[in-house]
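Read through the structure below, which is laid out as structure tokens, and then see the notes.
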């Protein structure tokens, strides 16, 4: 009677081959995941900038063309899903809902030095953009 089955060496060879495949595939998969996270943050930053534009437009529409003078005036008009605007010390911080890192906001909004618009800065995610307003 012949024994059917695998020898210990055959099983070890299969395990070694699977381990090599796992070692090759893991960094590739992790790189794809990190790239996806970065792209998602970039899209969120673009969405946040669009939200700032919308907040300014909504404010001006509701105030008969009056231009907002502070970031705090924009806060009630900022309506973007998955991101939140909070204002403190005259500067707005846009954070992703559920973000673990409160010290690293997605974007910041500040009044321009000439007080005629707003600067939106999203560090490394997109270029700094300035929205200039006039009455």
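Overview of values
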read-out	value
Mean residue ellipticity (222 nm) of the chain, computed from DSSP H runs ≥ 4 via -39,500 (n - 2.57), nearest 500	-15500 deg cm²/dmol
Nearest-0.05 FRET efficiency for residue 54 and residue 115, computed from C-beta distance (R0 22 Å)	0.55
Relative contact order (percent, whole number), region 8-132, Cα cutoff 8 Å, 6+ residue spacing	17 percent
Model label zone, residue 82; criterion: amide N under 11 Å from point 7 Å along Cα-to-beta-carbon; scope region 89-133	96-97
For 116, 93, 100, order by how many other beta-carbon atoms lie within 10 Å, fewest first	100, 116, 93
Answer label for Rg and Dmax of the Cα atoms in Å (calculated), chosen among [x] 25.5, 97; [y] 13.9, 43; [z] 16.6, 54	[x]
Net length gained if the chain between residue 100 and residue 32 were fully extended (0.36 nm per residue, minus Cα distance)	22.4 nm
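Bear in mind these aren't lab numbers, they're just calculated from the coordinates by the rules spelled out. As the structure is a computational prediction, the values presented were derived from the model and not from experiment. A quick note on method: Cβ atoms are made from the backbone with ideal geometry, for glycine too, and the neighbour counts reach across all protein chains shown.
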